[in-house]
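K.L.:
If you scroll down you'll find the structure; I have some questions about it.
The values are calculated or read from the model by the stated rules, or taken from the named source; none is laboratory data. It should be emphasised that the depicted structure is a prediction, and the values quoted were computed from it without experimental measurement. Positions of Cβ are generated from backbone atoms using ideal geometry, with glycine treated the same way; all protein chains shown enter the neighbour counts.
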Amino acid sequence: MPSHDVLIIGAGLAGQRAALAAAQAGATVAIISKVHPVRSHSVAAAGGINAALNPEDSWESHAYDTVKGSDYLGDQDAIEIMCRQAPEEILYLEHIGVTFHRDEAGNLGTRAFGGASAARTYYVADITGHAILHVLYEQLMKHAEVVDRFEEWFTTDLLQDDDGRCVGAICRNLRDGRLEVFDAKAVILASGGAGQAYTPTTNGLIVTGDGIAQAFRIGARLMDMEMVQYHPTTLAGNGLLITEGARGEGAWLLNAKGERFMEKYAPNKLDLASRDVVSRAEQTEINEGRGFPDGTVSLDITKVPRRRVLEALREIVNIGRDFAGVDITREPIHIRPGQHYIMGGVKTDVDGRTTVTGLYAAGEVACVSVHGGNRLGANSLLDTLIFGRRSGEHAAGQANQLPMPTTSPSRVAQTQEKIDAIIRRVGEGRRVAAIKNELGQTMNEYCAVFRDAEGLAKAHEVIRRLKEEAPKATIDDRGLVFNQDVIGWIELGYMLDVAEAIVVGAQERTESRGAQFRTDFPERNDAQWLKHVDISANGGDVPQVSYSPVTITRWEPQERTY
Amino acid sequence: MPEYTLRIRRFDPQSGEAAYWDEHRVELGERNSVLDAILKIRDDVDGSVGIRCSCQQAICGSCGVRMNGKPGLACNTHLQAAADRGHGAGWDPPEEGQYNSVITVEPMGNMPVIRDLIVDMDQVHWKKIQRVTPWLINKQPVPEREYIVPHENMVDVTQTMACIQCGACVSDCLSMEIDPLFIGPAALAKAYRFVGDPRDADHFERLKDLSEDEHGIYDCTHCFNCIDACPKDVAPMSQIMRLRRKAGSDHEIKDRNNGYRHEHAFVSNVRKNGLLHEADLLPDSYGGKFHPRAVPELLSSLPTAATAMVRGKMTLGKVLTHPHKASKAVKQIFDSIDGQEQRVELNLYVTGYEDEPEPDQNAGPADKSPTFPGPDEGPEAPSESEHR
């Protein structure tokens, strides 16, 4: 039975960074992932990573942009930590081998990005997340003696002792269906967001809110769940991401009449305003009849010199060619806002600690909150790495002082029975995919760029109905080896929990801030809503809502224009 | 919408049964992907079809499979393109005028199958990646800030950095089929990612290691399958050839596999004869017919020589005389390559600038890109040392 000081669940950027940091701090570490680590969705992060590393730039400027981007909902103490430590983190990445592109002098090069007052986005062509993820994995291979990797293991339950401390997890080896107890003095969730609760989404099929739901179920508090980012440039139809790097390199947004409509909405920053602002602008153009018949506007990348596109944006050249049949170096491509990221997640402090003792969270699964109401592009990679590292270090430090917990192996029997029951059952209900699809469509219709009380109530009603229905859903696979059908069923449950938390949060916040735009409450209301909406589990009933204050250090809320 | 028939190779190790074909008909657009079709089957009909997949945009590298005989990602292979490859007859194109709507989907090759379309990449692919010391060995001293390195070098290694470890190249590597210990295209491309990185301290040691290993860089036979298979244009074989040129020409590593001398023998043979004079190639690789080292090697290759005689590839006359002489044009090619100050190498990220309009003076970032050809870049030299 494996036992480690620190158990990390999820092996994207946050998880791998946490593992390396915890190991370096002297802890014994296990990292578990339901997919091979390089398949984690961090791999899809394209545009870059922010840091005020240039001598002319300052962390204060980066922090201010982030605070403003968050629509003043981000906690400023956490934002300060992230922006202060960003340069050091970039240099760490550079030193372990990330192939950041350079400027003419051979120094680290930058590109412009949305909502930023300086070009401070460091990048590797448009495969920055991919490059960092693969280089971190190189380091995990290098340090295989101090970090045990469990690749293709699916976490089914988080374990707690009698005092409620999180002391490990039960995981299923996908190779043979075997369940195993992983004892640990501390558990770090790094399992990413929940994009698959929406259809379409830019997120991969594995992004199903596992960690958010697992933490929620054992009593951890969620925060800012209503803040769901719609990325301004996703492909019509399949929802694939076209990186913000395209606009950073000079591409324009145009409506069907060929007008550069961002001049109206963000006269200063134009196409590089914050994502919530640009997505709302696009959706307004589309709703008011200035979009194309397929419900899109266009992104004109031909403004960027072709050779620069081929060097720095090659991935989206391929995406255009393979998934839209468009050569983006020759013609504009149709895009629209699409679900991309969740700012909310498991509430943590600046060391990644959740409200459950022994349980940490870092990356998209967590809400520190550095993104508040709206995340700036290229701040997510930074968030994963800074708070991944801090969680790893803190968890390792705590583990020093604790005895190794032991969970009775018989605890496995309970989970085994649950899974066997699913596999044994001859399904009488709808298929898992049908339920998931209804959930995704509903969320995308009623809990998207624009929201109102009526739509949210409808969405909530659908979710409650699907929650009743999901346990009876049909599955076909009765085997032990790579039974993805059973995993899909468990993931559906996770997504329904997360979706309900999102909708409840959105219903609660009767104002418009960041990604939450209520057409029935179109103004930001600092007097009443400059606070976080927290969500906690309430048995099987509708989750409970409470509030927590926003930390303000030096930037008082102002009117937000770009 | 057109209808396609997917013939999926199924295998359940728990059942004790052999693998079998499972047929499904799917109505989807021509430009929908093979993965779209598999997911539709899984969602609507049979949830037990096993395939790894996640991003659906050719970046996570999960869904490597063989489709009508050719390896690739299911998510970026269009149904019609897969169907057009014919009837699962390997790499053979369909006959003219033939319409095909059947797509066979099989697990990748050269790796054991775990279940259905899921193969054991740990046993093969990742083991080989581990073999090449896949992490940066820092040049000392590590600077306080970043290493100052040319932009061109970073852009250059981006091509191998773009590898998504999907295994498509490993699947159809012919050398690996013959020699399962061959380090292989993906891992050697990964090795180039460090050998091409100016921040790495161990270029020589890496190259020597990969040259001396009899399953290393000289084990590749130039079949181009990996280049054809790669969904990310990493061109693993080209990276292997770059490793060879660096090992042979830059570091003069004379490996015990005779790869270095063989390549040189090849070049001088063609330079002298214009056409390859095969009877001389083997002796030349050992330093000439009368070199002491050549004698035992040549004796051991007598059966091969005998076969060559029987096939008419070699006659006593040909062994003793050179029927061809290199023409002026051939000499010119060699001279022009030798005359170049720097070796030019093809790279995905810094070529392909055809019909480029004049650089826009106002476009700031564009000015940062290298001009073509870059210091170490340009159109690939005609095979100077590419044949074995």
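K.L.:
Quick one: in segment A:313-362, which of the residues that are of a type in the set (Phe, Trp, Tyr) and at pLDDT 95 or above is farthest from the chain's Cα centre (by Cα)? Full working, then the answer.
P.N.:
The initial filter retains those residues of segment A:313-362 that are of a type in the set (Phe, Trp, Tyr), namely A:323, A:341, A:360.
Okay, now just the ones that are also at pLDDT 95 or above, so A:341, A:360.
Numbers: A:TYR341: 5, A:TYR360: 16 Å.
Step by step, filter segment A:313-362, then rank; the result is A:TYR360.
K.L.:
A follow-up question, please. Test each condition in (1) hydrophobic (A, V, I, L, M, F, W, C); (2) free of Cβ contacts under 8 Å to residues at least 12 places away in the same chain; (3) farther than 29 Å from B:ASP156 by Cβ for A:ALA105 and report the one that comes out false.
P.N.:
It is condition (3) that A:ALA105 fails.
K.L.:
How many residues does segment B:26-53 contain that are among the polar types (S, T, N, Q), at the interface with another protein chain (Cβ under 9 Å from one of its Cβ atoms) and surrounded by fewer than 24 Cβ atoms within 10 Å (Cβ to Cβ)?
P.N.:
Taking segment B:26-53 first, the residues among the polar types (S, T, N, Q) are B:32-33, B:48.
Filter once more, keeping what is at the interface with another protein chain (Cβ under 9 Å from one of its Cβ atoms): B:33, B:48.
Subset that is surrounded by fewer than 24 Cβ atoms within 10 Å (Cβ to Cβ): B:48.
Number of matching residues: 1.
K.L.:
Determine whether B:GLN123 is at pLDDT 95 or above and not in a helix (DSSP H, G or I). Spell out how you get there, then give the answer.
P.N.:
Values: at pLDDT 95 or above: yes; not in a helix (DSSP H, G or I): no.
It is false that B:GLN123 is at pLDDT 95 or above and not in a helix (DSSP H, G or I).
K.L.:
Take the residues of segment A:86-109 that are out of contact with any Phe, Trp or Tyr (no Cβ under 7 Å at 6 or more places or on another chain) and among the acidic types (Asp, Glu): which is farthest from the other protein chains (Cβ to nearest Cβ)?
P.N.:
A:GLU89
Condition check ((1) among the small types (Gly, Ala, Ser); (2) touching a Gly at 6+ places or on another chain (Cβ under 8 Å); (3) closer than 24 Å to B:SER285 by Cβ; (4) free of Cβ contacts under 8 Å to residues at least 24 places away in the same chain) across all residues:
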{"position": "B:PRO143", "(1), (2), (3), (4)": "no, no, no, yes"}
{"position": "B:ASP156", "(1), (2), (3), (4)": "no, yes, no, no"}
{"position": "B:GLN159", "(1), (2), (3), (4)": "no, no, no, no"}
{"position": "B:MET176", "(1), (2), (3), (4)": "no, yes, yes, no"}
{"position": "B:ALA189", "(1), (2), (3), (4)": "yes, no, no, no"}
{"position": "B:HIS215", "(1), (2), (3), (4)": "no, no, yes, no"}
{"position": "B:CYS220", "(1), (2), (3), (4)": "no, no, yes, no"}
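K.L.:
When the residues of segment A:37-49 are narrowed to those that are assigned to a loop (DSSP other than H, G, I, E, B) and more than 10 Å from chain B (Cβ to nearest Cβ), which ends up farthest from A:LEU381 (Cα to Cα)? Reasoning before the result, please.
P.N.:
Within segment A:37-49, the subset assigned to a loop (DSSP other than H, G, I, E, B) is A:40, A:45-48.
Imposing the further condition that a residue be more than 10 Å from chain B (Cβ to nearest Cβ) reduces the set to A:47-48.
Details: A:GLY47: 10, A:GLY48: 8 Å.
Going through the qualifying residues, I end up with A:GLY47.
K.L.:
Looking at B:PRO150, B:PRO185, which one is facing chain A (nearest Cβ under 9 Å) and touching a residue at least 40 places away in the same chain (Cβ under 8 Å)? Please lay out each step first, then the result.
P.N.:
Working: B:PRO185 fails: facing chain A (nearest Cβ under 9 Å).
After applying the criteria, what remains is B:PRO150.
K.L.:
Take the conditions within 7 Å of chain A (Cβ to nearest Cβ), touching a helix residue (DSSP H, G or I) at 6+ places or on another chain (Cβ under 6 Å) and either outside any loop (DSSP other than H, G, I, E, B) or at pLDDT 95 or above (or both) and apply them to B:GLN165. Does it pass? Full working, then the answer.
P.N.:
Values: within 7 Å of chain A (Cβ to nearest Cβ): yes; touching a helix residue (DSSP H, G or I) at 6+ places or on another chain (Cβ under 6 Å): yes; either outside any loop (DSSP other than H, G, I, E, B) or at pLDDT 95 or above (or both): yes.
Yes: the conditions hold for B:GLN165.
K.L.:
Now, a different point. Among the residues of segment A:206-229, how many are part of a loop (DSSP other than H, G, I, E, B), over 13 Å from the mean Cα position of the chain (by Cα) and hydrophobic (A, V, I, L, M, F, W, C)? If you could, list the steps in order and put the result at the bottom.
P.N.:
Of all residues in segment A:206-229, those part of a loop (DSSP other than H, G, I, E, B) come to A:206-209, A:218-221, A:224-227.
With the extra rule that they be over 13 Å from the mean Cα position of the chain (by Cα), the set shrinks to A:218-221, A:226.
Then keep just the ones that are hydrophobic (A, V, I, L, M, F, W, C); that gives A:218, A:220.
Here the count works out to 2.
K.L.:
Are there any helices (runs of 4 or more DSSP H) wholly within segment A:451-562 with 2 or more residues that are within 24 Å of A:VAL207 (Cα to Cα) and of a type in the set (Lys, Arg), and if so which?
P.N.:
Those helices (runs of 4 or more DSSP H) span A:453-469.
K.L.:
Let me ask something else. Of all residues being among the basic types (Lys, Arg) and under 24 Å from the mean Cα position of the chain (by Cα) in segment A:421-462, which is farthest from the other protein chains (Cβ to nearest Cβ)? Just the residue, please.
P.N.:
We begin by selecting, within segment A:421-462, every residue among the basic types (Lys, Arg); these are A:424-425, A:430-431, A:436, A:451, A:458.
Within this subset, residues satisfying the condition of being under 24 Å from the mean Cα position of the chain (by Cα) are A:436, A:451.
Values: A:LYS436: 9, A:ARG451: 27 Å.
Result: A:ARG451.
K.L.:
Hey, another quick one. Is there a residue being on the phi > 0 side of the Ramachandran plot, more than 14 Å from every other protein chain (Cβ to nearest Cβ) and surrounded by 24 or more Cβ atoms within 10 Å (Cβ to Cβ) anywhere in segment A:326-346? Don't jump to the end; show me each part of the working.
P.N.:
Initially, segment A:326-346 is screened for residues on the phi > 0 side of the Ramachandran plot, giving A:345.
From the residues that got through so far, the ones that are more than 14 Å from every other protein chain (Cβ to nearest Cβ) too are A:345.
If we keep only those that are surrounded by 24 or more Cβ atoms within 10 Å (Cβ to Cβ) too, we end up with A:345.
Yes, the conditions are met somewhere in segment A:326-346.
K.L.:
Among the residues in segment B:235-248, are any within 14 Å of chain A (Cβ to nearest Cβ) and within 30 Å of A:LEU310 (Cα to Cα)? Talk me through it step by step, then tell me what you get.
P.N.:
Residues of segment B:235-248 within 14 Å of chain A (Cβ to nearest Cβ): B:235.
Those still in the list that are within 30 Å of A:LEU310 (Cα to Cα) too: B:235.
Yes - at least one qualifying residue is present in segment B:235-248.
K.L.:
Any residue in segment B:310-322 that is among the hydrophobic types (A, V, I, L, M, F, W, C) and in contact with a Phe, Trp or Tyr (Cβ under 6 Å, 6 or more places away or on another chain)? Please lay out each step first, then the result.
P.N.:
Just the residues of segment B:310-322 that are among the hydrophobic types (A, V, I, L, M, F, W, C), to begin with: B:310, B:314, B:316, B:319-320.
Checking which are in contact with a Phe, Trp or Tyr (Cβ under 6 Å, 6 or more places away or on another chain) leaves us with none.
No, segment B:310-322 contains no residue that is among the hydrophobic types (A, V, I, L, M, F, W, C) and in contact with a Phe, Trp or Tyr (Cβ under 6 Å, 6 or more places away or on another chain).
K.L.:
What number of residues within segment A:50-92 are in contact with a strand residue (DSSP E or B) (Cβ under 7 Å, 6 or more places away or on another chain) and assigned to a helix (DSSP H, G or I)?
P.N.:
Qualifying residue count for the region: 3.
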